[in-house]
Structures are given as structure tokens and as C-alpha cells.
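Below: the structure, in C-alpha cells.
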């Protein structure tokens, strides 16, 4: 990184007002959210009948979306905690991006579960009648815990930046100034305050790793504790976590490119960051590919009767186009792109990131739905639409709305707070210069 | 001329009627056969069972939904009517012989029964009859877990032992009869009309007191029908009622999770949330430092 004067860094990294592109982006997201909200109102009024969820495919794209959100949220722990604890400093500009992705994703993971319930007024039953033995309860506990830890991990490093932003009273406007003062007016850059913050961040970094592993392992157990073809696996926890790190890293690649391009942050999110993050994605894609081979090759080799229909449906049957697209888009093609130095240039890395995220969304769909449509007992005397699952427009709208909502949270966060930690960047620049 | 017109009219009528006649052939009704059986249940109640069958597509098939009337005696008189029923999915209809038939029942040592089915859209009316000699089967036990059974039949006014009737002796088990030992049936002897069977099923599960029901039965005897007699004996293995309902298991209800799981889960939750609470206090501390 070039030598940058402190003031220049502050000016570069302060949150900026939406330009025309930003406004169009926000309006588009709000429109998608509005359509999703309308579809959800219809679902509330008419019940889950408006969806394609029936006796067999009782979990559809809502749960796929939930698993996707939980997965992508794991990136917070990867970038912030794992890389921090291993003393990897190049990831500093990416920590806040990763954390806000984690917070928005985990918030919408919780919301989409309520959407899937059909009757949100019965949500309290989960607490009044929930059983500690059920992985669903573990999921509720661990998601709440992860959200709190992620919020704290977002807040502590933000404190020194809040002091910097409070100084720009006129630029901020009244309401934002009030918000900054409410959140950080007590920060005076005192050494004792830094000491406590550093200690808190270290504690959080250590705590978030097992919680992050727990959150996705428990999510995998929602499936793996059920004896069904495709879910009956002892590998599921590790398989889910490796996939989660991959999709999260893919999401960070996209966010890096978008923020770098839109806010002109080329000096802070450099080609070197894309290069390193690209290598991380290749590694994670290879690990996930390894788990995929385990998950599919071993049962396919045995080809037990109960597994056969499910596996053949994925390999050559009705789900094969999505299956091979998901495998190629989320793993094979990104590996082929990012394994080369040229492929780790920003544009190619951005493209690979999109492939990873989109492919991973469909991968979650394939984890949830085909198994449900292949029960042990054959389907007899059921209406034809029970035997297939094609989501209705309401489901697509709600799922799309939730994705747009998560993007909206990230967008507004970047509008209000510096997306790259200002104080940490100054410190690192100084230490770089001294070195 | 008029003669020709009449012939033409007849030809037209013939053409019009022939298909109808053919159609009438197509909906011709099937005949029905009624097979009547008599049952003496533990010398307490008596019932009749009829099975309705018909030959359809070259095979005998049981016919459901056939209305049937049961009569005591040989005539289908109103005074002899025992009751009415309709055949079920297995083509069977059952009727208990009511106490009102007692006077007719006591008239003779032999008894005739008649069953008549009403014609339906698909089946003709039918009838079946049955003649039996009244008999009783008695069951008892002797020392050494021996089961005795004895058949007596009414001859004039006295009950006399009957020889050479095959008796099954066993224990009631899972809706069927499990033989008392390896022998399938025992023929009654001429002197006493009885059989003796050794009970060799020691490990049969009984109720909480070890009670099981032993049974002697005669099945489809041409002369005496179906006879059975039961007795409860404490020869079974005492069963202990076991349930996991209130135990702490992974599949138990709320509040009954295993202790190890509760300890593990609550410890983890408490540990992690203690850290979160500790960190919230750290924010308070930072705040305090800022205002000092």
C-alpha cells in the first residue's frame, strides 16, 4: 500500500452519500423488498397454500434461503477471527465488509424461518413448547448468540472510527451526527480504552469461531439427524462448514469489487487483496469439492436402493441441470478462474465470486428439496403437485425480497459507517511507514 | 298393401328391439351361494356366520353388501326370523342367536338354520341352510399343566360324550391359537369324549399376573359346527409394564431431556453468554473512561 497521509485516508474512507447509481440500486432493492412484502402479506392472508409447499416438499426455497444466509454469515468469523488470530494483516480492510455481511445475513436467516412457519403468531410456541433435545432449538439459540457476537465484533472496532466521524459534524447532517454521538461520543482515544477494545476484540475473535462452527453444524444437523436419503451422513457438519466458508468468501469477493469500484477505494482494496482472497477461495473451493466427492461418491458407489432414486435424480434425473450447474458454478469454474494469477485480477475475481454465490444458493436448494421428494415409502394416491416442487411466484418474491433486504442492510451500513476501518488503516499505514 | 306395412313395421320393431334384448343379456344377474356356519362360543353365546360367494369371471369371489336374513328352522317365516344383516368387505355377515329364539332352540336336540339373501341389482336372491346336532365343548385343567377338553352332544334329552371329533388345544395368542404342544389336533376318545394335552409353552407372556387364556376348539365339524371353550390360567410369564414416557431420553417430551444434554447445553450457553455480558460491561467501562 502506498504511503497515505492520515487526512487523505480519513477523507477517502468516510461514508459517502448515494450517487445516482447508488440511488437506482437502493430503489431497485426497495422495489424487490416491496414485492416480497406484498407476497408475504398474501401468504399471511391465504396461508401457505399460496406456496408450492405440500406434504412431501414441506421445506422449499425458504429453507434453502435460510441455509444460504447462515452459510454466508460464516465469513465474519473467517475474515475477522481466523485471519486476525493467525496474524494475517492484509485482511484488515475486509473485516468490516465481512462483519456486515455476517450481521445482515444472520438477521435475515432468522426472519426467513419465521416466513417459513406460515403462522408467525405461533413463533412463541417455539419457546414455550420447544424441546432442548431438538436441533431446531439449538439453531434458535446459536443464531441469536452468533448475531450478538457479530454485532459486538462490528461495534468494538467501529468505536475509534465513530470519533473520527463525529468530528465531521457539518458533513454528517443532524440525524447521522446524533447516531454517531449516541454510539461513540464517549470514545476519547484513551490508551485504556484501546486496551479494553483490543482485549474485547481478541475475546470475540476466539469466541466467534466455535459459535460459527456450531451455527452451521447445528444447521446441518437439522438435516443429518433425520434418516433420509441424502441427509443421512456423518460428514454433514464439516460439509456444511466448508461450503459456508466458500460462499462467504465468494460474497466478500463481490462486495470488495463493488465497494472498490463504487467508492473508488483502489488504494485500500488493492489487486493484492483480490489475489490473496482469490487464493483463499480456491483453497475453500477445493476443500468443499473434497467434501462433495465424499458426500456423493461413497453413497453412489454403494447405490443402496433408498439412495438410488435420490442420487440418480441429481446425477442424471430431473435435478441434474441444477446439480451440475451448482457444482460447476460454485466450485469447478471458480477454481479454474482463480487458480491463475490473471484470474485473481479484480474483474475476474468478481465474476468468480458471483459464480460461487449463485452456484451455492442452488447447492442449498439441492440439499433441501430432492431429499424431501424422495421419501423411503413410495408416494401413492397423492395429487400430482405433491410429487414435484416448483416454487410459486410468492415464494420467489419472498426469497428475492429477503436477499434484497440483506443487500439493503449492507448498502445502508456502507452509507452510514466507513466500510473500511479508518483507524486501523491509519495505524497499519503508520506501522508500515515505520517499518 | 296393409299386410306389407305391417311386415315393415314388424321389421323396424325387430331392429329396434334386438339391441335391447342383447343389452338385457349383458346385465344378466349372477347367482349367489350362501355358506352358513354355526358357532358355540364358550357355551355361553351362539352365533351364525354366512359367507356370500358368486362365480364371476370363472372364479368364486366373496360378495359384499348383500342383505341377508337368518331364520331358525327350515322355513323363512316371519316367526322364525333371528335377524337381518348385510355382508361386509369379506362377504361375511354375522348374527348372534337372540334369547327370543330360546323356545325354538329347546324343541329338539338337532337344529336347522336358514339364511336367505334378497335380490340386488347384480345378484339373484339366494338361500343356504345348515343342520347341526347340539354339542358342548368343555375345557379344564389337571395337575402338571395338563389341559383336558370334553365334547358332549345332546341325544334325546341327555348330554352324551362324543368320540372321534378332532379338537385343537392351545393358547390364545396374537389373535390366533398357538398349540399347547407339537400336536396339532386330538381326536376325542369313545369312553369319555375327552382329550388330554400337555401344556408345554412355559415362556408365553401373560398379563401382569401371568394369566393366559387356554382354548379348546372344534373347527367346521359337519355335525356339530364350530365349538370353542376358553379358560384363564396363571401359566404365563408375568409381564411387567415398561414405558420410557417419563424417562429422560433424546426423544422424550419437553422438560425430559437427558441430564448430560442439559448440563452440556446450559453450560455452553451460560459460558458464551457470560462472555457476551462481560463484553457489554466492557462497553460500559469504556464509556465511563470516556467521561472521566
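Throughout, read-outs are computed from the coordinates displayed, never taken from laboratory work. In this text the structure is predicted, and so the values were computed from the model without any measurement. Note: ideal-geometry Cβ built from the backbone for every residue, glycine included; neighbour counts use all protein chains shown.
Annotations for the structure displayed:
- Annotation for residue A:302 and residue B:86: the two label points, set 7 Å from Cα along the Cα-Cβ direction, are 5.2 nm apart.
- Both radii come from the Cα set of segment B:169-280: Rg as radius of gyration, Rh as Kirkwood radius; their ratio Rg/Rh reads 1.48.
- Principal axes of the protein assembly as shown: Cα extent on each, largest first, Å: 128, 103, 49
- For segment A:167-279, the Cα-based Rg and Dmax, in that order, read 20.8, 61 Å.
- Compared with the dominant principal axis of the Cα atoms in chain B, helix B:2-26 is inclined by about 40°.
- Within 10 Å of each Cβ in B:279-286, the average number of Cβ atoms from other chains: 6
- Distance between the 7 Å Cα→Cβ label points at residue B:247 and residue B:284: 4.6 nm.
- Gaussian network model of chain A, Cα within-10 Å springs - most flexible of A:403, A:176, A:204: A:176
- Comparing B:41, B:140, B:246 in a Gaussian network model of chain B where C-alpha atoms under 10 Å apart are linked, the largest mean-square fluctuation is found at B:246.
- With the gyration tensor restricted to C-alpha atoms of segment A:241-395, the semi-axes of the equivalent ellipsoid amount to 36, 18, 10 Å, longest first.
- Rg to Rh, two decimals, where segment A:118-210 supplies the alpha carbon set and Rh follows Kirkwood: 1.16
- For segment A:160-186 versus segment B:217-292, the gap between their alpha-carbon centres in whole angstrom: 53 Å
- Whole-number D in µm² s⁻¹ for chain B, Kirkwood Cα-pair radius fed into Stokes-Einstein, 25 °C, 0.890 mPa s: 94 µm²/s
- Ratio of Rg to Rh over segment A:40-87 (Cα coordinates, Kirkwood Rh, two decimals): 1.31
- Based on Cα contacts under 8 Å between residues 6+ apart, segment A:325-435 shows a relative contact order of 19 percent.
- Taking all C-alpha pairs of segment A:131-172, those more than 16 Å from each other amount to 58 percent.
- The angle between the Cα long axis of helix A:20-46 and the main principal axis of chain A comes to about 40°, on a 0 to 90 degree scale.
- Radius of gyration, Dmax [segment B:219-273; alpha carbons; angstrom]: 26.7, 84
- Ratio of the Cα radius of gyration of segment B:33-133 to 2.2 N^0.38 Å, where N counts its residues: 1.08
- Estimated 222 nm signal from helices in chain B, with DSSP H stretches of n ≥ 4 weighted -39500 (n - 2.57), rounded to 500: -7500 deg cm²/dmol
- Working note: 222 nm ellipticity from helices only, DSSP H runs with n ≥ 4, each -39,500 (n - 2.57), summed and divided by the residues of chain A, gives -23000 deg cm²/dmol to the nearest 500.
- Residues A:33, A:41 arranged by fewest to most Cβ contacts within 10 Å: A:41, A:33
- Each 10 Å bin from zero up to the one holding the largest Cα-Cα distance in segment B:135-233 carries the following percent of pairs: 16, 49, 26, 8, 1.
- Cα-based Rg / Dmax (Å) for segment A:58-190: 18.5, 55
- When the convex hull of its Cα atoms is viewed from all sides, segment A:311-407 shows a mean projected area of 8.1 nm².
- Computed over chain A, the quotient of the alpha carbon radius of gyration and 2.2 N^0.38 Å is 1.02.
- Spacing of the two label points (7 Å from each Cα toward its C-beta) at residue B:143 and residue B:31, in nm: 6.1 nm
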